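Participant: First, the structure itself, so that you have it in front of you.
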Amino acid sequence: IGFSHAAGIYSWSTKKYEFWILLQTLLYLIKPNSLIEFGSGRSTNYLAEYALKSGANLLSFEEHLFYFIKVNLALKLSFLPFGVVKYVPQRGGWYDRKRLCHYLDKIKEIDFLFYDGPSKSSSGERGSKDFYRYIVPKLSNVKLVIVDDVHRSEENAVAEYLVNNFGLKRFNIRPKNDDILAILLSKKHEEQIKQLPGFLKKLLEEIPQENKNTKLSY
């Protein structure tokens, strides 16, 4: 049984297994060095394992204290670097700016971004102007971006902004049920897509690119 944040009971929603294989493979092929995640969860384990084995830097920002504790514990039990998850609560629809900048000011650039927070269930605004103020300036050399929930107009607008301003190639997949997730890839790394096995390439073709905008315009 799944429960929402609003219900006061926290479930760990996850995506289909093939997506996690795709994420791991893309990390292996593209080799980002500075990884930032908004909204921790199952993905944090995969990112932390990659960071540990590759020597990359990872920071994951979590707004819910329960998830902050839960994800850190899961990392520790998996012998992964659990200090990478930072508790940054919401303030005014986005993350606490002062606390977030305490960590971001030490980062010159971000070449991997997993954008899955703040939570809609707690009135979060992923399209907040603060995303464009604090995060976008650090993406000048971005290699790979994942924007979750682009079936919603706000998240889709974020993905389209990044595509148009950083020359990224967009792929849409359904990681679970009717949700849609966008994978944005630097055109400098398009060749790596050719190295994906066939069943992973099919994931990237689930939603035809020419129909992308009509499918996401609601």
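The values are calculated or read from the model by the stated rules, or taken from the named source; none is laboratory data. Only a predicted model underlies this, so the values are computations on that prediction, with no experimental measurement involved. Here the Cβ positions follow ideal geometry from the backbone for every residue, glycine too, while neighbour counts run over all protein chains shown. For the accessible areas, the whole protein counts, side chains as well, though only heavy atoms, and no ligand, DNA or RNA atoms are used. Shrake-Rupley method; radii C 1.70, N 1.55, O 1.52, S 1.80 Å.
Participant: Can you name the residue in the range 141-161 that is on the phi < 0 side of the Ramachandran plot and in a loop (DSSP other than H, G, I, E, B) and, of all such residues, is surrounded by the most Cβ atoms within 10 Å (Cβ to Cβ)?
Facilitator: Filtering the range 141-161 for residues that are on the phi < 0 side of the Ramachandran plot and in a loop (DSSP other than H, G, I, E, B), the one surrounded by the most Cβ atoms within 10 Å (Cβ to Cβ) comes out as VAL150.
Participant: Residues SER121, SER43: which one is touching a residue at least 40 places away in the same chain (Cβ under 8 Å), in a helix (DSSP H, G or I), open to solvent by 20 Å² or more (accessible area, probe 1.4 Å) and not hydrophobic (A, V, I, L, M, F, W, C)?
Facilitator: The unique qualifying residue is SER121.
Participant: Report, by residue number, each residue of the range 25-46 that is polar (S, T, N, Q) and either at pLDDT below 95 or over 13 Å from ASN57 (Cα atoms) (or both).
Facilitator: Listed by number, the residues that qualify are THR25, SER40, SER43, ASN45.
Participant: For ILE193, indicate whether it is at pLDDT below 90 and open to solvent by less than 40 Å² (accessible area, probe 1.4 Å).
Facilitator: The answer is yes for ILE193.
Participant: Restricting attention to the range 131-186, which residues are among the small types (Gly, Ala, Ser) and more than 25 Å from ARG97 (Cα to Cα)?
Facilitator: Scanning the range 131-186 gives GLY167, ALA182, SER186.
Participant: Return the pair list, or none, for Cβ contacts closer than 7 Å from residues in the range 79-105 that are at pLDDT 95 or above and assigned to a strand (DSSP E or B) to residues that are open to solvent by 30 Å² or more (accessible area, probe 1.4 Å) and of a type in the set (Asp, Glu), at least 6 apart or on different chains.
Facilitator: Short answer, once both residue conditions are applied: TRP94/GLU125.
Participant: Restricting to the range 162-180, count the residues that are open to solvent by 30 Å² or more (accessible area, probe 1.4 Å), out of contact with any helix residue (DSSP H, G or I) (no Cβ under 9 Å at 6 or more places or on another chain) and free of Cβ contacts under 8 Å to residues at least 24 places away in the same chain.
Facilitator: Matching residues across the range 162-180 total 2.
Participant: Could you check how many residues of the range 58-77 are buried (at least 16 other Cβ atoms within 10 Å of the Cβ) and of a type outside the set (Phe, Trp, Tyr)?
Facilitator: 11
Participant: Let me ask something additional. When you look at LEU65, is it touching a residue at least 24 places away in the same chain (Cβ under 8 Å) and of a type in the set (A, V, I, L, M, F, W, C), yes or no?
Facilitator: When the stated conditions are applied, LEU65 passes them.
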